[in-house]
Amino acid sequence: MKKVPRLIRAAMERAGVEGADRVSSGVDVVGDIAIVRLAGFSAPEKRRVARALLEEMKNARVVMEQEGGIEGEFRLRRLAHLAGEKRTTTVHRENGCSFRVDVEKAYFSPRLSTERLRIAKLVGPRERVLNMFAGVGPFSILIAKVAGARVTSCEVNEAAAELHEANDRLNKVEGLVTVVRGDAAGLPGTLRGKFDRILMPHPSEADRYLPAAIRMAKGSGTIHYYRHILGEDEGEAAVALRKELRGLLPAGAKFTTRRVREVGPRWVEMAADIRLTPSRGRSRARRKRATPT
């Protein structure tokens, strides 16, 4: 029997709406906005379930329906208001940080909270970090708060970039985080120096930007690479990801893969932590410079 998320089942029972087994996913909660998927139900049924959900979730003030998947260059949700206050802005709190979010204008996933904290704990205070797809700043700001490292954030969506800068001030890290507006593909010709660690949280197009990330990483730098992979299970998805990376990475690069979360039927978000190695030419050059005369 299909496992139905508890909140959805409880709301449907309260609303007297049958067919919980037709619901494909649970509730995304961003601040006080609950986002649900109720494809296949009538408009009155959706509104009844949404009102019941507000009664089940005491901290929710808005219920929106996500129609379809994450779409377009800015990875946005197509949303329809179902119940509660009519707004798309909220403040989301996680891992000791606060983020102003407009769920209609900027991509934000509350389901990556654990992954964001995991990455932040890996960063050293002296590292120079680049986030190629920063959104409203959840990875970058947490890294600055936890590690005290300097972070350069790139974001092509102007609305998300403005929210990122507001969130930098809200979390008092504006002295550590710099927001660059534009497409990440242009960063190698814009930014000076190399980075110790590069984040690529754009699972649908990270492969297209990986050459740029490699150009900007230090010889022994780390790249955190995220992809949506089709596979029956984690093992099959890992095999597919390893095959993809073997065709993209330079010789000597090492990586480990892991499952981040399920994103749809047979689709898994996978991550690869990639460690580059200095080329032999660069290593010889460093040894030559270090030789005393």
Residues (surrounded by 17 or more Cβ atoms within 10 Å (Cβ to Cβ) and closer than 18 Å to ALA166 by Cβ) located in the stretch 101-116: VAL101, ASP102, VAL103, LYS105, ALA106, TYR107, PHE108
Filter result for ALA39 (surrounded by fewer than 16 Cβ atoms within 10 Å (Cβ to Cβ), assigned to a loop (DSSP other than H, G, I, E, B) and hydrophobic (A, V, I, L, M, F, W, C)): yes
Considering the stretch 141-182 alone, what residues qualify as being touching a residue at least 40 places away in the same chain (Cβ under 8 Å) and within 26 Å of GLU205 (Cα to Cα)? ILE141, LEU142, THR152, VAL156, ASN157, ALA159, ALA160, LEU163, ASN167, VAL177, VAL179
Test PHE108 against the stated conditions and say whether it is modelled with pLDDT of 95 or more, closer than 27 Å to PRO265 by Cα and aromatic (Phe, Trp, Tyr). yes
All strands (runs of 3 or more DSSP E) inside the stretch 45-137 with 3 or more residues being outside the structural domain of LEU210 (by TED's automatic domain parsing) and touching a Leu at 6+ places or on another chain (Cβ under 7 Å): 62-71, 97-102
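The values are calculated or read from the model by the stated rules, or taken from the named source; none is laboratory data. Just so it is clear, the model here is predicted, and its values are computed rather than measured. Neighbour counts run over all protein chains shown; Cβ positions are idealised from the backbone, glycine included.
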